[in-house]
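The values are calculated or read from the model by the stated rules, or taken from the named source; none is laboratory data. Small disclaimer: the values here were computed from a predicted structure and weren't measured. Counting neighbours? That spans all protein chains shown, and the Cβs are built from the backbone with ideal geometry, glycine included.
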Amino acid sequence: MTWEEWIATQIGPRVVGGRYNHGHAGSTYEVLAIERGPRPLGTWPVWDISVRYDEDGRERTHCTGWDARRDTVVTQPPADGEDAWHYTADVVAVDPKGRVLLIERRWDPFAGRRALPGGYLEPGEDSRVGAARELAEETRVRVSAADLTPIGTFDAPGRDPRGRFSTDAYLARVPADTVAVADDDAANVYWMDLNAALEVELAFDHADILRAASRLLTGKEGSC
């Protein structure tokens with residue numbers, strides 16, 4: 001094994017601030033730190049890589065033996081002078097009573113605040129498919145991606161404190177007897193009247209998304 005191959009095995013594409021999918025475990029993590037390990041492996045250096053897993057917020061430091069070659073990039077931090085974009089999808093799930101499904105965020109940013117179900121898109125994933133997946137992961141409410149109605153793309157600067165984020169929002173009409181259960185990144189779930197939900201301080205720009213969904217539901221989209 002050459003020096004370059006060893007570095008690729010130990011670190012691969014990973015850099016601090018990047019998000020990656022663990023090729024062995026299938027979970028997504030963010031790299032917090034990469035430091036030289038205390039003990040070399042023979043004449044080869046080793047690294048300690050500290051990460052935080054998306055699924056439960058758990059932080060862990062991995063040492064030599066974590067082969068990076070099967071891990072894939074979800075998002076990379078920007079290079080100097082660049083402004084990296086992150087892509088997400090959110091869902092406004094509404095029942096026949098006009099109630100909208102909200103989650104309580106488990107993790108920062110905005111931990112404890114109510115928000116729409118949604119999250120990061122997987123590499124190469126269509127946003128409609130990602131929206132349906134995130135809804136199921138966070139609330140166990142399953143809808144067909146084909147049945148989602150586009151609301152719009154929201155990408156205003158400052159909408160997310162972590163950087164530049166562009167989200168595709170979708171409307172899902174669900175049955176009156178739909179049961180939601182908090183899971184994954186959601187600490188709790190709530191059914192709220194849509195107008196009442198707009199009176200709550202929501203995470204990110206989700207109030208803007210709800211207002212756009214309301215216009216779509218009432219047929220007032222594009223009216224003066």
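Values for this structure:
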{"item": "Filtered residues of region 87-137 (kept if farther than 25 Å from residue 77 by Cβ and of a type in the set (Asp, Glu))", "result": "95, 104"}
{"item": "Test result for residue 70, surrounded by 18 or more Cβ atoms within 10 Å (Cβ to Cβ) and out of contact with any helix residue (DSSP H, G or I) (no Cβ under 6 Å at 6 or more places or on another chain)", "result": "no"}
{"item": "Any chance residue 179 is free of Cβ contacts under 8 Å to residues at least 40 places away in the same chain, farther than 30 Å from residue 76 by Cα and either among the aliphatic types (A, V, I, L, M) or in contact with a Cys (Cβ under 8 Å, 6 or more places away or on another chain) (or both)", "result": "yes"}
{"item": "Qualifying residue in region 168-177 (condition: assigned to a loop (DSSP other than H, G, I, E, B), buried (at least 16 other Cβ atoms within 10 Å of the Cβ), at positive phi and not acidic (Asp, Glu))", "result": "no"}
{"item": "Members of region 45-58 found to be part of a strand (DSSP E or B) and within 15 Å of residue 20 (Cβ to Cβ), listed by number", "result": "47, 49, 50, 51, 52, 53"}
{"item": "Among (1) touching a strand residue (DSSP E or B) at 6+ places or on another chain (Cβ under 6 Å); (2) at pLDDT 80 or above; (3) not assigned by TED's automatic domain parsing to the domain that holds residue 174, the one test that residue 99 misses", "result": "(3)"}
{"item": "Failed item, numbered, when residue 167 is tested on (1) under 18 Å from residue 56 (Cα atoms); (2) touching a Phe, Trp or Tyr at 6+ places or on another chain (Cβ under 8 Å)", "result": "(1)"}
{"item": "Single residue of region 109-122 satisfying the filter (under 12 Å from the mean Cα position of the chain (by Cα) and part of a loop (DSSP other than H, G, I, E, B)) that is farthest from residue 202 (Cα to Cα)", "result": "122"}
{"item": "Filtered residues of region 133-151 (kept if surrounded by 15 or more Cβ atoms within 10 Å (Cβ to Cβ) and in a strand (DSSP E or B))", "result": "151"}
{"item": "Only listed residue being within 21 Å of the chain's Cα centre (by Cα), among the acidic types (Asp, Glu) and at pLDDT below 95, chosen from 168, 185, 205", "result": "185"}
{"item": "Those residues of region 184-197 which are surrounded by 15 or more Cβ atoms within 10 Å (Cβ to Cβ) and either outside any strand (DSSP E or B) or among the basic types (Lys, Arg) (or both), in sequence order", "result": "184, 185, 194, 197"}
